[in-house]
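Single-structure report; data block below.
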Amino acid sequence: QVQLVESGGGLVQAGGSLRTSCTASGSFFRLDAMGWYRQAPGKQRELVAAITRGSRTTYADSVKGRVTISRDNAKNTVYLQMNTLKPEDTAVYYCNAESVTESGMFGGTYWGQGTQVTVSS
């Protein structure tokens, strides 16, 4: 099992910046892809950014140029640096990770509890 704990959310004014982090713990061999999703009230959960173990990244069009995802494999931690935040970025941000077994098989998909990001206008 993998536990994901997020931190770093909060309230910020439009144009400001926030950095969220997510650290994985528990029993697993290795983490493969990690990412951040968000869910605003009344909307579906959507991908914000994802990163492979080799640091290949994917971004939602709505955040490209404003958001950077990174990871520290030694610390089992993924980061999300968000700049030039907009009110429409307001949502609960969830960390996501996929584990891999020692034999290279898919181990499971895990979610954090979420951290609130609120951007005031």
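A few comments on the model shown:
- Partners for residue 75 among lysines (Cα-Cα distance below 20 Å; same-chain residues under 8 apart left out): none
- Accessible surface of the chain, 1.4 Å probe: 47 percent of it comes from carbon and sulfur atoms.
- Length available on full extension from residue 29 to residue 83: 0.36 nm per residue minus the Cα-Cα distance, which gives 16.1 nm.
- Whichever aspartates and glutamates have a C-alpha closer than 16 Å to that of residue 43, once near sequence neighbours (fewer than 8 apart) are set aside: 88, 89
- Accessible surface area normalised per residue over the stretch 1-62 is 57 Å², counting heavy atoms of protein chains with a 1.4 Å rolling probe.
- Considering all different alpha carbon pairs of the stretch 1-53, the Kirkwood hydrodynamic radius works out to 13.3 Å.
- Solvent-accessible surface (1.4 angstrom probe) belonging to residue 31, in square angstrom, nearest 10: 0 Å²
- Of the trypsin sites (Lys or Arg not before Pro) in the stretch 20-59, those whose Cβ has at most 13 other Cβ within 10 Å and which sit in DSSP loop: 43, 56
- Expressed per residue, the C-alpha convex hull volume of the chain stands at 95 Å³.
- Qualifying lysines (Cα of each under 18 Å from Cα of residue 64; at least 8 residues distant if same chain): 86
The values are calculated or read from the model by the stated rules, or taken from the named source; none is laboratory data. Computed from a predicted structure; not experimentally measured. Methodologically, a virtual Cβ is constructed for each residue, glycine included, from the backbone with ideal geometry; neighbour enumeration extends over all protein chains shown. Calculation scope for accessible area: heavy atoms of the full protein, side chains included, ligands and nucleic acids excluded. Shrake-Rupley method; radii C 1.70, N 1.55, O 1.52, S 1.80 Å.
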